[in-house]
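The values are calculated or read from the model by the stated rules, or taken from the named source; none is laboratory data. Bear in mind the structure is a predicted one, so any value in this text is a computation, not a measurement. FYI the Cβ positions are ideal-geometry reconstructions off the backbone, even for glycines, and counts take in every protein chain you see. Please note that ligands, DNA and RNA were not included when accessible areas were found on the heavy atoms of the full protein model with its side chains. Shrake-Rupley method; radii C 1.70, N 1.55, O 1.52, S 1.80 Å.
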Amino acid sequence: MPTCATNMRLKFPIVALVLEIITIILFAFFVVYDDGKGHGHGHSNETHPEENPMTLYPMFQDVHVMIFIGFGFLMTFLKRYGFSSVGVNLLLAAFGLQWGLFMQGIWHLDDGKVKVNIFKIINADFSTATVLISFGAVLGKTSPVQLLIMTILEITIFSINEHLVANVLNAHDVGASMIIHAYGAYFGLAVSRVLYRPALRNGDKNEGSVYHSDMFAMIGTVFLWMFWPSFNSAIADPGLTQLTAVINTYLSLAACVLSAYAISSLVEHKGKLDMVHVQNATLAGGVAMGTCADMDIGPYGAMLIGLLAGIISTLGFKYLNPILASSLGIHDTCGVHNLHGMPGILGGLAGIVAVALGKKNGQAAMQAAALASSLGFALVGGAITGLIMKLPFFGQPPDQNCFDDSIYWEVPEDESENEGNLAHLDHSTNKAEA
């Protein structure tokens with residue numbers, strides 16, 4: 001315990017402040033407001049002078065809500081890790097969006113400067129989403145210092161892959177099934193594999209939910225579910241193309257809910273629904289719809305993709321998660337492989353088929369290369385990042401302190417101890433009566 005306390009008191013404030021000061025210095029030299037006179041650089045979608053620079057602001061707000069409320073609360077299902085889920089989510093997202101703004105911006109310099117507009121800050125939020133997805137895979141088993149290091153490395157690698165996919169391969173991935181969801185999931189799984197703890201092989205007493213923690217997690221689910229059409233359409237071409245992305249995502253999510261509920265009931269004891277499936281698999285339609293969101297695949301096509309995503313995701317939670325942990329040594333706390341990984345690949349494959357069928361100008365081979373690139377950067381980058389995070393300096397929490405807020409937070413009176421005392425009291429009373 002003392003080592004981790006020292007880690008928080010000395011290392012965390014220093015690392016956090018140093019990273020922020022470095023970022024401020026970089027912004028001082030390279031980042032300016034967008035004056036609306038940009039030359040336009042491919043994917044950067046600069047605002048033209050005659051356009052209202054605030055047009056995309058409502059879309060930005062929707063994405064922002066997803067990043068901070070959606071992702072944050074989705075991870076609060078652990079019964080004694082809610083502070084960390086929401087609190088560290090805020091920390092990583094706040095740093096990540098700054099770093100993402102800079103790292104993505106340097107690929108699109110205008111007169112040697114990164115010009116900030118709404119489009120750029122939406123993309124910065126997108127880059128942050130990759131980290132929050134990976135965070136889900138290692139939730140409960142990492143220190144805040146480790147996670148800040150993961151943030152800076154993951155976004156740096158993400159920006160390289162994104163540039164390659166969008167500007168070199170010219171692949172389509174408007175809602176980022178490949179470059180955000182598949183990348184974030186497999187990056188997190190690679191980190192999780194490197195940081196694997198044999199002692200947690202059979203789970204931990206705190207690695208579970210209680211009634212109210214599952215209710216809190218549903219807040220995240222519902223916010224993500226509602227705002228996902230904005231996520232998938234935010235950077236689509238304005239007008240009918242953007243509308244297509246909204247409609248496709250809206251229908252895919254709706255169909256996904258039905259299949260997720262149906263499969264959950266099918267595979268669970270006595271046909272009951274599992275809250276884990278409802279919290280997560282109901283969102284897989286949004287993930288899988290990302291790549292072809294703005295393509296003319298027909299409303300029924302969007303619904304089919306959503307239906308399939310819900311089935312794959314639910315089955316993954318039920319059957320695949322235990323196999324990953326027991327056979328491959330990949331402990332995936334939130335099941336990001338089932339919500340972001342497999343549905344992200346499904347989205348990438350759907351994009352390959354859609355482009356091959358002429359639903360969007362492009363080459364199916366480039367779509368396939370984009371999917372391969374995203375998975376390759378994720379697995380290699382995640383493994384290297386995991387090795388760096390494993391260095392003793394970054395203060396990995398001991399096995400016995402995993403999935404417990406009290407190692408890093410001031411926690412109010414411990415409810416679980418009270419519950420334990422009450423249970424003990426009841427037990428004693430029953431014995432006395434007997």
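When each of 367, 363 is tested for being in contact with a helix residue (DSSP H, G or I) (Cβ under 6 Å, 6 or more places away or on another chain), polar (S, T, N, Q) and surrounded by 14 or more Cβ atoms within 10 Å (Cβ to Cβ), the lone residue that passes is 367. Output the residues belonging to region 309-323 that are in contact (Cβ under 8 Å) with a residue 40 or more places away in the chain and open to solvent by less than 30 Å² (accessible area, probe 1.4 Å). Matches in region 309-323: 309, 310, 313, 314, 317. The residues listed here are 269, 277; of these, the one that is over 19 Å from residue 178 (Cβ atoms), crowded, with 24+ Cβ neighbours inside 10 Å and either touching a strand residue (DSSP E or B) at 6+ places or on another chain (Cβ under 8 Å) or not basic (Lys, Arg) (or both) is 277.
Pairs meeting the criteria (first residue in region 122-151 and open to solvent by 10 Å² or more (accessible area, probe 1.4 Å), second residue of a type in the set (S, T, N, Q), beta carbons under 8 Å, at least 6 apart or on different chains) are 123/104; 141/192; 141/333; 141/396; 149/385. Do we have residue 147 as more than 18 Å from residue 351 (Cα to Cα), at pLDDT 95 or above and not small (Gly, Ala, Ser) here? Spelling it out, residue 147 is indeed more than 18 Å from residue 351 (Cα to Cα), at pLDDT 95 or above and not small (Gly, Ala, Ser). Annotation for region 210-223: no member residue is over 22 Å from residue 124 (Cβ atoms), of a type in the set (Ser, Thr, Tyr) and outside any helix (DSSP H, G or I). The set of residues in region 289-303 being part of a loop (DSSP other than H, G, I, E, B) and of a type outside the set (S, T, N, Q) consists of 289, 290, 292, 293, 294, 295, 296, 297, 298. In region 94-119, the residues that are at positive phi never reach a residue that is in a helix (DSSP H, G or I) with C-beta atoms less than 6 angstrom apart, at least six apart or across chains. From the list 233, 252, the lone residue that is open to solvent by less than 70 Å² (accessible area, probe 1.4 Å), under 19 Å from residue 305 (Cβ atoms) and free of Cβ contacts under 8 Å to residues at least 60 places away in the same chain is 252. A count restricted to region 32-79 and to residues that are in contact with a Phe, Trp or Tyr (Cβ under 7 Å, 6 or more places away or on another chain), within 23 Å of residue 106 (Cα to Cα) and at pLDDT 95 or above stands at 1. When region 340-358 is filtered for residues that are touching a His at 6+ places or on another chain (Cβ under 8 Å) and either under 18 Å from residue 279 (Cα atoms) or open to solvent by 30 Å² or more (accessible area, probe 1.4 Å) (or both), the ones remaining, listed by number, are 340, 341, 343, 344. Looking at 171, 190, 182, 166, just one residue is assigned to a loop (DSSP other than H, G, I, E, B) and touching a residue at least 60 places away in the same chain (Cβ under 8 Å), and that residue is 171. Would you be able to say whether some residue in region 108-121 is in a helix (DSSP H, G or I), in contact with a Leu (Cβ under 7 Å, 6 or more places away or on another chain), of a type in the set (Val, Ile, Thr) and surrounded by 23 or more Cβ atoms within 10 Å (Cβ to Cβ)? No, there is no match, as no residue in region 108-121 is in a helix (DSSP H, G or I), in contact with a Leu (Cβ under 7 Å, 6 or more places away or on another chain), of a type in the set (Val, Ile, Thr) and surrounded by 23 or more Cβ atoms within 10 Å (Cβ to Cβ). Scanning region 236-249 for residues that are touching a residue at least 12 places away in the same chain (Cβ under 8 Å) and either open to solvent by 10 Å² or more (accessible area, probe 1.4 Å) or over 16 Å from residue 298 (Cβ atoms) (or both) yields 236, 237, 238, 241, 242, 244, 246, 247. Hey, does region 81-88 have a residue that's of a type in the set (Phe, Trp, Tyr), closer than 30 Å to residue 278 by Cα, under 16 Å from the mean Cα position of the chain (by Cα) and surrounded by fewer than 24 Cβ atoms within 10 Å (Cβ to Cβ)? So far as region 81-88 goes, no, none of its residues is of a type in the set (Phe, Trp, Tyr), closer than 30 Å to residue 278 by Cα, under 16 Å from the mean Cα position of the chain (by Cα) and surrounded by fewer than 24 Cβ atoms within 10 Å (Cβ to Cβ). Examine region 54-70 for a residue that is hydroxyl-bearing (Ser, Thr, Tyr), part of a loop (DSSP other than H, G, I, E, B) and surrounded by 24 or more Cβ atoms within 10 Å (Cβ to Cβ), and state whether such a residue exists. There is no residue in region 54-70 that is hydroxyl-bearing (Ser, Thr, Tyr), part of a loop (DSSP other than H, G, I, E, B) and surrounded by 24 or more Cβ atoms within 10 Å (Cβ to Cβ). All conditions in (1) over 26 Å from residue 349 (Cβ atoms); (2) buried (at least 24 other Cβ atoms within 10 Å of the Cβ) hold for residue 192, with the sole exception of (1). Of the residues screened, residue 215 is not one that is under 18 Å from the mean Cα position of the chain (by Cα), over 30 Å from residue 379 (Cα atoms) and open to solvent by 10 Å² or more (accessible area, probe 1.4 Å).
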